[in-house]
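Undergrad: Sharing a structure below in structure tokens format, with a few things to ask.
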Amino acid sequence: MRNSSGEILRAVAAGETVQVTNHGQVAAVISPPLGGSIDWLVAQGQARPPRRGVADLSTIRRRTAKWTSAELVNDARGRW
């Protein structure tokens with residue numbers, strides 16, 4: 001791999017999966033990314049796919065809090 005790393009990375013970028021061996025034993029598998037980070041987390045079962053698209057975020061109503069952020073932090077820290 002040391003002498004042909006550029007060739008290996010080009011093959012992976014083209015969609016191939018490459019097994020790296022050490023003394024005849026598979027030590028690593030290099031494969032193209034699944035998509036984005038979220039796609040990878042979903043595939044691993046560590047996240048769920050979105051229920052709606054990003055465009056739906058604009059329909060969320062903005063709310064005004066009774067207290068400022070500083071007041072909330074001071075309250076959490078025990079300062080009134």
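No value in this document is a laboratory result; all are computed from the given coordinates. Just so we're clear, the structure is a prediction, and the values are computed from it rather than from any experiment. FYI the Cβ positions are ideal-geometry reconstructions off the backbone, even for glycines, and counts take in every protein chain you see.
Undergrad: For every helix of n ≥ 4 consecutive DSSP H residues, a contribution of -39,500 (n - 2.57) applies; sum these over the chain, divide by its total residues, and give [θ] at 222 nm rounded to the nearest 500 deg cm²/dmol.
TA: Calculated at 222 nm, the ellipticity per residue is -8000 deg cm²/dmol.
Undergrad: If you don't mind, there's one more thing I want to ask. Where does the Debye-calculated log10 I(q)/I(0) of the chain sit at q = 0.21 Å⁻¹, using only Cα point scatterers of equal weight, no solvent?
TA: Debye output, listed in q order: -1.04.
Undergrad: Also, I was wondering about something else. Taking neighbour Cβ counts within 10 Å as the exposure measure, how do D39, D56 sort from fewest upward?
TA: D56, D39
Undergrad: Could you line up W67, W40 from fewest to most neighbouring Cβ atoms inside 10 Å?
TA: On the way: W67 10, W40 13.
In order of increasing Cβ crowding within 10 Å: W67, W40.
Undergrad: Additional query: So what is the relative contact order for region 1-68, in percent, with contacts set as C-alpha pairs under 8 Å and at least six apart?
TA: 16
Undergrad: Something else now. If neighbour count is taken as other Cβ atoms inside 10 Å, put T21, T64, T59 in order from fewest to most.
TA: The order, fewest Cβ neighbours first, is T64, T59, T21.
Undergrad: Treating only the Cβ atoms of Lys and Arg (+1) and Asp and Glu (-1) as charged, compute the dipole magnitude of the chain about its Cα centre; round to the nearest 20 debye.
TA: That gives the chain a dipole magnitude of about 620 debye.
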